[in-house]
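Shown next, in structure tokens, is the structure this report addresses.
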């Protein structure tokens with residue numbers, strides 16, 4: 001049986017409860033999966049779960065606000081100390097370079113859409129394709145929101161493991177040497193063990 005390190009800390013992301021690949025392991029809906037998750041982690045004596053308040057507020061849109069009274073004891077709400085955390089200059093340079101490259105990709109996608117519209121394609125088809133290609137060019141695989149950034153910064157601050165399905169958060173966590181845990185494997189383990197892990 002898997003062992004969790006003594007007092008291991010986890011920062012969890014909304015995506016693990018909204019992505020069908022993961023929430024379906026614990027329930028038929030994001031809310032059901034989240035409630036079962038809370039039920040299981042009540043039995044974890046040697047793990048702490050954290051979530052930035054901005055991410056928690058995002059999660060409430062999917063699971064509702066009528067939650068067990070101990071929810072915020074089981075999942076500690078904590079924003080990162082934005083003005084105390086230090087990141088390397090290399091991180092900032094790489095982030096800026098990637099943003100610039102993605103903007104250029106977005107421009108190329110828009111240019112292609114204009115050319116397609118000039119042909120025989122319908123306006124609706126062109127716009128739908130433009131939206132999808134533009135989203136892929138600018139948003140996939142990058143930290144694209146303050147919620148994503150706060151997950152990464154909080155994990156850095158706490159020396160915690162991130163549990164997420166977000167490709168951008170995973171990619172940038174790897175760049176910064178932050179531990180990651182596969183949410184599918186973790187949820188499967190929770191469902192089998194009912195949250196009763198061994199201590200090392």
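We did not get these values from a lab; they are worked out from the coordinates using the rules stated. Because the structure is a prediction, the values reported are computed rather than measured. All Cβ positions, even for glycine, are placed from backbone atoms using ideal geometry, and neighbour counts span all protein chains on display.
Key figures
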read-out	value
Footprinting exposure proxy for 60, 51 (fewest neighbouring C-beta atoms within 10 Å first)	60, 51
Length released on extending from residue 42 to residue 171, taking residue separation times 0.36 nm less the Cα-Cα span	43.4 nm
Ranked by how many other beta carbons lie within 10 Å on average, peptides 25-32, 173-180, 79-86, 67-74 from highest	25-32, 173-180, 67-74, 79-86
Shape call, segment 28-81: gyration tensor on alpha carbons, a/c limit 1.5	oblate
Separation in nanometres of the label points that stand 7 Å from Cα toward Cβ, at residue 83 and residue 31	4.0
